[in-house]
Each structure stands twice: as structure tokens, then as C-alpha cells.
Amino acid sequence: MAEALGADGPFAELLPGFAPRDEQRHLAVAVARALGRGSTLVGEAGTGTGKTFAYLVPALLSGQRIIISTGTRHLQDQLFRSDLPLVKKALRGAYSTSLLKGRSNYVCRHRLARAMGLPVLNDETSRRHLRIIADWASRTDSGDIAEVTAVPEDSAVWGFVVSSEEFCAQHEFEDLADCFVHGARKRAQEADIVVVNHHLLCADLALKEDGFGEILPSANGFIIDEAHQLPDIAAQFFGRKLSSRQLLDLARDTVTEQLIEAPDTKALRDLGNALEVAVRHFRLAFAVEPDRDAWLTVQEDQTMIAELERLGGTLDALVEVLGEAATRGKGIEGCHKRALVHQASLARFKNDPADGEYVHWYETFRTGFSLNMTPMTVAGPFERAMEGVHASWVFTSATLAVGGDFGHFRQQLGLDDADELQLDSPFDYQRNALLYLPKDLPEPQGRGYTAALVERVRPVIEASEGRAFFLFTSYRALHEAERVLRDTLPYPLLVQGQMPRGELIEAFRSYGNAVLLGTASFWEGVDVRGEALSCVIIDKLPFGSPGDPVMSARIDHMKRAGGDPFAEYQIPQAAITLKQGVGRLIRDVTDRGVLVIGDPRVRTRLYGETFILSLPPMPITRDVAEVQRFFASQPTAGLSDAEDAAEAAEAAEAAEAAEATEAAKAAKAAKAAKAAKAAKAADSAKAAEREETEKGARSADGADAKDAKDARDASDAMVADPSEPVTS
């Protein structure tokens with residue numbers, strides 16, 4: 001295994017300048033051992049280790065069927081279309097590989113044909129988008145809508161043309177011949193390596209847990225990349241959710257199918273319309289402004305009780321009439337099956353006791369809502385799911401350990417029996433990076449903190465000549481910083497919300513001296529190599545908001561169990577998020593730059609050492625003059641030896657295709673950046689006062705007063721960024 005990635009191996013032949021990395025070979029050997037023994041491995045590989053090749057090589061050489069799961073669809077595409085072909089070419093083997101995504105990522109030819117005649121899509125933009133999709137659909141082999149770059153992801157037409165489980169259930173088996181979802185799943189059943197994403201993986205495991213079948217093929221091993229994201233995604237799928245969209249879709253489909261299959265059954269149409277009215281009235285029972293809170297905060301409200309009963313009663317009546325008419329046609333039969341599922345979800349939400357197993361919470365939007373049951377912990381169901389598939393498991397990421405300890409990650413997923421491996425980044429942080437902790441900043445929960453921080457980092461931004469990411473834990477702080485910096489900064493200022501994230505990053509690269517202000521979606525998954533990004537500024541330690549109903553319930557649950565939620569949950573979560581943000585700075589062997597952490601708690605609190613120990617080792621200073629000298633000096637690190645030089649060549653080759661695309665779009669993105677105005681967004685954070693305990697100690701319930709208040713001051717933006725929806 002190590003030989004394949006060695007100096008005389010196939011990659012050295014294929015990639016000019018390739019040089020072996022000890023860290024990469026160590027990870028490859030550990031992965032091969034886990035796959036061979038059927039065991040579990042938790043492995044952290046620092047940025048630059050080359051972990052993708054380190055798990056692809058043993059996966060392909062194992063001779064087993066392996067499912068590889070990545071954090072996002074973008075990474076899934078990159079792995080399948082770029083990394084896998086390169087490794088297959090180097091190993092010169094006859095390996096079959098397959099890409100599998102969630103159903104809504106594939107176009108449905110039947111729904112596309114129907115959409116072409118819908119009056120609701122008769123506007124000029126929708127018609128143009130439909131023509132583009134129809135032309136592509138006549139030529140594509142995969143049906144993967146990621147291929148259609150000419151139609152924006154947020155186009156209204158996609159919801160009418162992608163595959164739908166409800167629509168597919170109405171068609172006979174012979175219709176599957178031209179079904180892209182069926183084709184993708186068939187190829188996955190026949191492949192040695194299947195590339196999926198975490199949403200699809202967790203959906204499959206949750207189906208198996210409930211005994212409702214499966215989505216993915218059986219496998220000998222699972223490799224989970226970007227594994228730090230898995231606990232939160234798993235919580236979505238091992239819980240339950242009922243949304244207004246699901247109920248409205250059911251109501252409208254019932255009316256449509258009644259007209260086609262049972263025109264004489266007027267009761268169906270009446271109940272479909274009644275359900276739509278009941279959904280609207282239930283939304284009106286909540287506050288007008290969008291909200292996210294525990295269900296117990298509204299469950300005793302008399303209007304809420306009445307509207308919930310109305311919604312449930314209407315759904316029950318619809319289920320009964322749909323059942324009586326189910327034999328009239330496939331469409332009505334499909335509606336009946338969906339109605340039964342929604343009826344069970346609503347009944348469970350209303351009737352299940354708040355016994356500590358699930359968090360009952362709601363979220364409202366401008367016109368819609370969702371009712372959610374999220375597991376207090378996914379450790380139990382995930383552990384059972386792992387045991388049920390009888391396979392080896394590899395969990396890897398650049399951010400799994402907290403201060404060198406994997407305990408937090410393992411506890412979240414119930415990984416009691418697992419081997420551990422932590423590999424540091426091969427990048428020379430000691431020579432190429434500097435950590436600056438500004439002096440004399442007020443406590444971060446104070447009103448004047450953000451303005452004071454901006455003034456402290458102005459000399460840093462000037463010394464770096466722009467080229468900076470300024471990352472925030474809340475929209476409120478971001479927009480306050482924007483107001484202070486706007487018209488006073490001699491560099492282009494880019495702000496999250498001006499344009500889609502991809503275009504904003506392209507504009508940042510194109511300028512070469514810009515300052516970008518961002519929140520949660522810029523803390524990870526952003527790769528800007530070279531001099532365009534030479535400074536990362538982080539405003540506060542990224543504690544999740546205890547105002548979030550799921551986090552709040554988990555904290556209370558840990559307290560009741562006698563635990564210390566601040567030390568055991570909130571600090572580890574924040575440390576992993578901080579590592580992700582810091583990881584934006586050094587992306588290649590020749591990169592150099594300054595990391596700024598404004599939050600004074602990293603120095604003044606005992607737990608600050610945990611955050612520092614979780615970061616790559618680098619020099620620390622509190623003197624801004626040293627920062628200025630760092631930027632004024634010529635790069636001293638350069639390429640420390642022949643191995644680094646080879647690594648740089650390999651990285652450049654891997655990035656070549658992406659850079660070509662970026663260059664083509666750069667001019668357009670830069671022009672858009674200049675003209676765009678920042679989208680204003682309100683941020684609210686719930687705060688409550690507690691008395692501070694004696695210096696350096698936490699209170700008996702697990703959080704000292706200021707720590708708890710500071711954690712609440714962090715925005716929900718760290719929990720979910722509404723500008724970046726995620727689907728499987």
C-alpha cells in the first residue's frame with residue numbers, strides 16, 4: 001500500500017514532480033488495515049496531507065465494494081469526475097465506479113414534458129430555462145442536473161422537472177426504461193466504488209433503521225470524508241419532519257388526481273382544498289415574523305391548539321376518503337400512501353412525550369412552517385445502523401479532534417470501538433503563518449466590541465494590502481463591520497449576500513486585494529490558494545447559540561444527567577468550527593499569511609488553551625508591529641525541500657481545471673461585485689444574565705456566567721446559513 005504512494009510508485013510515474021508524503025502513506029496504510037479487518041478507523045488528516053488519494057488507493061486495491069460519502073454534492077462531483085479517474089489511471093486497474101445522488105438531483109422526462117405545458121411556467125424566463133433543460137435532457141446520459149450550468153440552481157422550474165418519489169409511484173415498471181434515477185441506482189448496484197453524499201447515506205441508514213428498505217447497495221466498507229459534518233446531518237434523518245410544503249403538495253396533487261381518475265368523487269377535491277386552508281390557518285397561529293423555537297413555548301396557546309386539531313382532523317378525513325378511492329388509479333393510490341405517512345408524523349409530533357429522546361421544535365418562514373422531532377443524540381440509532389450493515393467504517397476529516405482528543409466526535413456517533421490516527425498538516429506553519437491576538441479589546445458580548453475589533457485590525461488589513469477574509473459568528477456583527485468599513489477601506493469590500501457564494505469567491509480571486517466579510521458558509525468549503533488570501537480574521541469563538549431549540553434541549557439534557565455541557569459539548573463544537581475557519585488560510589505549500597482571533601477569551605479563560613491546542617502550531621504575537629514585519633518581509637519559507645517542491649507541482653496540476661473555469665468567469669464576477677449592494681439581514685440573539693463565578697472556574701451546572709452569555713451571543717448563523725440550502 002505504501003509503495004503505491006511512494007517515490008517509485010505509479011503516481012510518481014503519472015504526476016510530474018510527485019513526491020511521497022509520510023502522512024499520506026500512514027493514512028493509506030491505516031485505511032487499508034481497517035478495510036481488511038472489517039474494523040472502524042477515525043482519522044484526522046491535516047490540510048495538505050493528501051487524504052483523498054490516501055483513502056482512494058486502498059479502496060480500489062481492496063477488491064471490495066466500497067461506498068465513499070462526501071459532505072456536499074460539489075465535493076461528490078469533484079471526487080468522482082477528477083480524483084477517481086486520476087487514481088484509476090495511476091493504478092491501471094479495471095475498476096467500475098458510480099456516482100449516486102438523491103432523487104431530486106435527476107431530471108424526470110415525464111415531469112419535464114408535463115412542465116412544458118404548465119401555465120404557471122409561462123413567463124419568458126421559465127420558458128427559456130425549460131428549453132435549455134429539454135435540449136440537454138435529449139442528450140444527457142446521466143440526467144444529473146449539475147450538468148446544466150446555464151440554468152441557475154434557484155430557478156423556479158427545477159421543482160417541476162426533477163424526479164419525484166410521488167410522481168414515480170404512479171408509473172408502471174416499464175416506464176423505468178428511461179428513468180435516470182433507476183439507471184443511476186442500477187449502475188451503483190454493479191459498481192466497485194460508489195460515491196454518495198452524507199444526506200443520501202443518512203437517508204439510507206434511517207430507512208434501514210425503520211425497516212422501510214434501502215437506497216444504497218450493500219457494501220463491504222464505508223469511507224466517510226468530511227466526517228465532522230456527519231452528526232448534524234444524521235440528526236436530520238434519524239428524526240421526523242412535517243412541513244407545510246409537504247401538506248400543500250399533497251392537497252394540490254389530490255385535487256389534480258381527483259379530476260383525472262375520480263371526477264365523480266367531489267369529496268376528494270373538497271378535502272384537498274380544505275387541507276390547503278387548514279395549513280394556511282395553522283401558519284397564522286404562529287407569530288408573523290419567521291421564528292425557530294421549542295414547541296413547548298407555544299403548545300399551550302389556545303389558538304395553536306385549535307388550529308392543530310383542525311389540521312389533524314382535516315388530514316384524517318382526507319386519509320379516509322383517499323383510502324376508499326385508492327383503487328381508482330395510481331395517482332390517488334400514491335396520494336393515499338403519502339397522506340398516511342404525514343398523518344403518522346403529525347400524530348407522533350402531537351402525542352409523543354417530551355421524554356428526552358427527541359427535541360420537539362418548530363420553524364416558521366414567511367408563509368410556511370415545519371414541525372420537527374430531532375433526536376437528542378444520534379449515537380444510539382447510528383451505532384445500530386452501523387451494526388446492521390456488517391462493514392468496515394473509515395471516518396476522516398481535517399477537523400475531528402479537539403486538543404488531540406477524538407472523544408467528542410466518537411461520542412456523537414457512538415463509536416465505542418475504533419482505532420484512532422491523527423496526522424498533522426505537512427505545511428510549515430511555523431515559518432509561513434503567524435497568529436495575532438489583539439490587545440485591549442472589550443468583552444465580546446459588549447455593544448462596542450465589533451467596532452473596536454475593526455479598528456484593531458485595520459493596520460493588519462493595511463499590512464496585508466487587503467487579501468483578507470473577515471469571518472463572523474453573526475449577521476449582526478457582519479453588517480456592523482460593513483457599516484464601519486464601507487467607504488473607509490482602500491480595498492474592494494465584498495459582503496456575503498451581494499451575490500451567490502461562488503460568484504463572490506470568483507470576484508475575490510479576481511481583485512487580488514479584496515476584503516470579504518462572511519458568516520457560516522465561508523468558514524468551510526472555500527479554497528482560495530495563493531496570495532489573493534493572506535489574512536483570515538475571526539471575530540469571536542464560534543459557540544453555537546443556546547437560543548437554538550435543539551442545542552438548548554441538549555444542554556438541558558446533559559445538565560439533568562449530571563454532565564458539564566459547556567466543557568463536553570459547547571467547547572468541542574466551537575473548537576471544531578474554529579479549526580474549519582482557520583483552515584481557510586494556508587491551502588498550499590507556498591501559502592503564507594496571518595491568522596487573527598479577536599476574541600479575548602482565547603487568552604483570558606482557562607478553556608482558551610483548548611482552542612489554541614486544536615490549531616496548527618504557529619508563532620503567536622500580540623504586537624501589530626510584528627504582523628507588519630511579517631507582511632513586509634520576503635517569504636522565507638518558500639519550498640523547504642524537494643518534497644515540498646514536488647507537492648506544490650502536484651497541487652498546481654490538481655487545481656488547473658478549476659483555475660481555467662475561474663479565469664473565464666473572473667471579469668464578469670468582478671464587475672458584478674463593484675455594482676452589487678449588500679443584502680441587509682437582521683440577526684437576533686437571545687441573551688440572559690448570570691452571575692460570574694470566581695475567576696477561572698465554571699459554576700456547578702457546567703458553565704460560568706460569562707461563558708454562557710458569550711455562547712448565547714453567537715448567532716444562529718453558525719447553526720444554519722439560510723443562504724446556502726443543502727439537499728441530497
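The values are calculated or read from the model by the stated rules, or taken from the named source; none is laboratory data. Just so you know, these numbers come straight off a predicted model, no measurement behind them. Note that each Cβ is placed from the backbone with ideal geometry, even for glycine, and that neighbours are counted across all protein chains shown.
For the reader, a short list of remarks on this structure follows.
- Filter result (aliphatic (A, V, I, L, M) and farther than 25 Å from Met373 by Cβ) within region 254-287: Val255, Leu259, Ile260, Ala262, Ala267, Leu268, Leu271, Ala274, Val277
- Residues that are assigned to a loop (DSSP other than H, G, I, E, B), surrounded by fewer than 23 Cβ atoms within 10 Å (Cβ to Cβ) and either touching a helix residue (DSSP H, G or I) at 6+ places or on another chain (Cβ under 8 Å) or not assigned by TED's automatic domain parsing to the domain that holds Gly581 (or both) within region 445-489 comprise Gln445, Glu465, Gly466, Leu489, listed in sequence order.
- Some residue of region 252-271 being in contact with a Ser or Thr (Cβ under 7 Å, 6 or more places away or on another chain) and surrounded by fewer than 21 Cβ atoms within 10 Å (Cβ to Cβ): no
- Criterion: hydrophobic (A, V, I, L, M, F, W, C), within 23 Å of the chain's Cα centre (by Cα) and closer than 22 Å to Asp77 by Cα - qualifying residue of Ala146, Ala137: Ala146
- Applying the set (1) crowded, with 18+ Cβ neighbours inside 10 Å; (2) within 27 Å of Gln78 (Cα to Cα) to Asp527 leaves exactly one unmet item: (1).
- Flag for Asp8 being acidic (Asp, Glu), surrounded by fewer than 22 Cβ atoms within 10 Å (Cβ to Cβ) and out of contact with any helix residue (DSSP H, G or I) (no Cβ under 8 Å at 6 or more places or on another chain): yes
- The single condition among (1) in contact with a strand residue (DSSP E or B) (Cβ under 9 Å, 6 or more places away or on another chain); (2) among the β-branched types (Val, Ile, Thr); (3) in a loop (DSSP other than H, G, I, E, B); (4) without any contact (Cβ under 8 Å) to a residue 24 or more places away in the chain that Val528 does not satisfy is (4).
- Residue within region 238-258 that is closer than 21 Å to Val389 by Cα and either at pLDDT below 95 or of a type in the set (A, V, I, L, M) (or both) present: yes
- Among (1) surrounded by 15 or more Cβ atoms within 10 Å (Cβ to Cβ); (2) part of a loop (DSSP other than H, G, I, E, B) - the single one Leu434 does not satisfy: (2)
- Residue in region 550-557 that is touching a residue at least 60 places away in the same chain (Cβ under 8 Å), of a type in the set (Lys, Arg) and not assigned by TED's automatic domain parsing to the domain that holds Leu578 present: yes
- There is no residue in region 354-368 that is assigned to a helix (DSSP H, G or I), within 30 Å of Phe167 (Cα to Cα) and either touching a strand residue (DSSP E or B) at 6+ places or on another chain (Cβ under 6 Å) or touching a residue at least 12 places away in the same chain (Cβ under 8 Å) (or both).
- Leading residue by the ranking (surrounded by the fewest Cβ atoms within 10 Å (Cβ to Cβ)) among those in region 201-219 that are at pLDDT 90 or above and under 21 Å from the mean Cα position of the chain (by Cα): Ala203
- Just one of the listed residues (Thr297, Thr265, Thr314) is closer than 18 Å to His360 by Cα and of a type in the set (Ser, Thr, Tyr), namely Thr297.
- Failed condition for Pro426, given (1) in a loop (DSSP other than H, G, I, E, B); (2) without any contact (Cβ under 8 Å) to a residue 12 or more places away in the chain: (2)
- Restricting Arg529, Arg501, Arg458, Arg476 to residues that are at pLDDT 95 or above and among the basic types (Lys, Arg) narrows the list to Arg458.
- Just one residue in the set Phe53, Phe18, Phe11 is hydrophobic (A, V, I, L, M, F, W, C) and at pLDDT 90 or above; that residue is Phe53.
- Strands (runs of 3 or more DSSP E) within region 14-112 that include 3 or more residues β-branched (Val, Ile, Thr): 66-70
- The residues on offer are Leu61, Leu91, Leu130, and the sole one that is surrounded by 13 or more Cβ atoms within 10 Å (Cβ to Cβ), of a type in the set (A, V, I, L, M) and outside the structural domain of Val394 (by TED's automatic domain parsing) is Leu130.
- Those residues of region 44-85 which are among the polar types (S, T, N, Q), in contact (Cβ under 8 Å) with a residue 24 or more places away in the chain and under 25 Å from Glu147 (Cα atoms), in sequence order: Thr52, Ser69, Thr70, Thr72, Gln76, Ser82
- His198 meets each of the listed conditions (1) within 30 Å of Pro58 (Cβ to Cβ); (2) in contact with a strand residue (DSSP E or B) (Cβ under 9 Å, 6 or more places away or on another chain); (3) at pLDDT below 95; (4) not acidic (Asp, Glu) apart from (3).
- Within region 46-83, considering residues that are among the aromatic types (Phe, Trp, Tyr) and closer than 21 Å to Leu216 by Cβ, the one farthest from the chain's Cα centre (by Cα): Tyr55
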